[in-house]
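Some notes on the structure that comes next.
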Amino acid sequence: MDVEEFRVRGKEMVDYICTYMNTLRTRRVVPSVEPGYLRTALPAEAPHHPEPWDDVMNDVEQKIMPGVTHWQHPRFHAYFPAGNGYPSILGDMLSAGIGCIGFSWAASTACTELEIIMLDWMGKAIGLPPAFLALEEGSKGGGVIQGSASECVLVSMLAARANGIKRLKHQFPNVDEGLLLSKLIAYCSKEAHSCVEKAAMICFVKLRILQPDDNGSLRGETLKEAMEEDEEAGRVPFFVATTLGTTSCCSFDNLPEIGPVVRKFPCVWLHVDAAYAGSSFLCPEHKYHLAGVEYADSFNTNPNKLMLASFDCSLLWVTNRYLLTSALVVDPLYLQHCYDHTAIDYRHWGISLSRRFRSLKLWFMLRSYGVSGLQKYVRKHCELAKYFERLVKKDDRFQVCNQVKLGLVCFRLVGGPDETPEQIDEMNKKLLTNINASGKLHMVPASVRERFVIRFCVVAQHATREDIEVAWDIISDFATELLEGPDKERDLNEERTRRNRAALAHKRSFFVRMVSDPKIYNPAINKTPPPVATSPGSPPAAAPSTPDTPSDSGSIQQPTTPKQSSWISWPLGFFFQSVDHDSNDLPLRFRHLDTMVRLKSPGASRRGSTPCASPEHRASSPSNNH
Ligand code: PLP
């Protein structure tokens, strides 16, 4: 394809996208295909000879589109929104066209400098404290665009891990880093996104998963008890991941309680994951959720969720960029340049070296919509969710199961007085399966207070009240069909087809299940600590939750089996399934070492008498490691 053909085909592509957007309503929301459908439709080998562009685009429509889940469809209500504002698509187009790789200031100056400025613009717009901004006088902070929220969490944990090991090495200079690493422990709520657990696996550290209160909020007291227990048992707290706007039910961890707890422990890094909710803080009325963010060391949000930016656009801010870059810096000669002492080189801020010009789309979005335009969009999104909530509440067959603060409503069928919680879960699963199988509407489930709920998220950019009403009518009709039994007149063939479809959708509904409860998606790596710590070094007892705020969300019947309060996921735990539950017993061959060098130095006070980088005492690192 030469430049003149590109000129023509590029315009055709924009036309194709516009038509796609305008005719989305005529398509099924989710595909009706079996796994491997595309393998039978495409040749087994790449073509040896060039093919005409028209043939390629024909195959897009004939072969690809039937397998696409249409995230921009007005009946798509799963997950969280996937932004695709037009200025953002144009930004990505230009980024691809310029085709620069901005790993350092020298490799593409505008790419680096626009990113620094955009992160400051965004940080100010959502209300982050000045310590997170790169261009504030005297600030050591700054922001970076990562590929995903998962990467933001991972690099924050990597920085915290390096910081934790550095501190321990100072305290125990003769102890091997591997052993020091085995003592580190991170924390998050059960409602945290699974990416926290994945980060812990990659960092090879233990993660203690804590029970939130009845509103899905991790409380300070729960965290404090767990951290103290762990310290008592010789483990070393180093990282706390909190969430503002959880994936399952959009709950908010209690940062004003958690922040002061974290500050009491030396060198513990506090991260705030606001992947979805962060963009709502553009609106003054949602900024109260940020209370306590001044305690945080890092903060991430995805404008590609609620701010209409297209994937990928995950923003990460830190208050001390030197702690981040000193954990990630490698500096071969061929990447050095004469300004690397004064400029920011984003290659030290993440995993990959190469990076796209992603700040263009953020710039285009902020300029085309203005902050006021984006606020308007967020407000509409939240108002439509409230409208859906009212529709659910009007129907006494249903209950709303979360506090609806932004665009997510969790709901379920209440069930009858004679039905067990398990039967009610089954009924709700069936309802969701039937709806998804119909292709008329798409939602995914979550687990809220151990019960199966259906998540309804407002997603489409131009959604209206009418769209919400159509969605509700579909849900309500399926509920009626389910509750009033199958049509007795239906012939056998029809029933068989329905069952086949339901089986496929059932599989699919498990496939797309949200990952709010680690027990659900990876039971192999979760273990319950024994209830009582019997000897020094044995794992902590379960920490009680502190539901001292009355729940104003829907009352879901509690499970009959005792609730698990907290559990520890440890790296590669699944390799040791046959070994008993005590995580300290796992590396049996190291146990004698462990006894020799228990990392509870009797004289060391909890307040961090060591030269560590606690928020109050952080030493600045060499200035050439931006
Ligand atoms: N954190 C939260 C709160 C999320 O809701 C999600 C995804 O929905 C993630 C992290 C993971 O985001 P990403 O896909 O950008 O890694």
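A short reminder: the numbers here are calculations on the coordinates, not readings from a lab. Everything quoted here is computed from the prediction, not taken from an experiment. Backbone-built Cβ (ideal geometry, glycine too); neighbour counts: all protein chains shown.
With r defined as the distance between the Cβ atoms of residue 481 and residue 135 and R0 fixed at 41 Å, what FRET efficiency is calculated, to the nearest 0.05?
That pair, residue 481 with residue 135, gives E of 0.10.
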Under Stokes-Einstein, with the Kirkwood radius over Cα pairs standing in for Rh, what whole-number D in µm²/s applies to region 10-84 at 20 °C and 1.002 mPa s?
149 µm²/s
Holding the Cα-Cα limit at 29 Å, pick out from 206/264; 224/430; 63/386; 169/198 the pairs that are longer than that.
224/430; 63/386
Among 108, 95, 147, the residue whose Cα sits farthest towards the positive end of the charge dipole of region 67-167 (+1 at Cβ of Lys and Arg, -1 at Cβ of Asp and Glu, taken about the Cα centre) is 147
Under 15 Å from the Cβ of residue 100, count the other residues' Cβ atoms, weight Lys and Arg +1, Asp and Glu -1, and hand me the total.
+1
Compactness summary of region 6-140: radius of gyration and Dmax from Cα atoms, Å, are 20.8, 60
Assuming 0.36 nm per residue, please report the length gained on full extension of the stretch residue 55 to residue 204 beyond their Cα-Cα distance.
48.8 nm
Suppose every Lys and Arg Cβ carries +1 and every Asp and Glu Cβ carries -1, with no other charges. What dipole size does region 121-232 come out with about its Cα centre, to the nearest 20 debye?
440 debye
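I'd like the FRET efficiency for residue 113 and residue 418, computed as 1/(1 + (r/R0)^6) with the beta carbon distance as r and R0 of 60 Å, rounded to 0.05.
0.35
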How big is region 35-74 by the Kirkwood estimate over distinct Cα pairs, in Å?
11.8 Å
Stretchable slack from residue 172 to residue 5, in nm (0.36 nm times residue separation minus alpha-carbon distance):
53.6 nm
Overall dimensions of region 172-261 as given by Cα atoms, namely Rg and Dmax in Å
13.8, 46
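What's the Cα-based Rg to Rh of region 1-42, Rh via Kirkwood? Walk me through the numbers before you get to the answer.
On the way: Rg = 15.2 Å, Rh = 13.0 Å.
For region 1-42, the value is 1.17.
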Can you give the charge dipole size of region 372-482 about its Cα centre, rounded to the nearest 20 debye, using +1 on the beta carbon of Lys and Arg and -1 on the beta carbon of Asp and Glu?
660 debye
Positive-end residue, region 372-482 charge dipole about Cα centroid, Cβ charges, pick of 385, 443, 421:
385
If you take every residue apart from residue 199 with its C-beta less than 13 Å away from the C-beta of residue 199, what net charge results, scoring Lys and Arg +1 and Asp and Glu -1?
0
Restricting attention to the alpha-carbon atoms of region 372-482, what are Rg (one decimal) and Dmax (integer), both in Å?
14.1, 51
What list of ³J(HN,Hα) couplings, whole Hz, do you get for region 41-46 from phi and the Karplus terms 6.51, -1.76, 1.60, once you set θ to phi - 60° and write x for glycine and proline?
8, 10, x, 6, 10, 5
Counting Lys and Arg as +1 and Asp and Glu as -1, what is the net charge of the other residues whose Cβ lies under 15 Å from the Cβ of residue 317?
-4
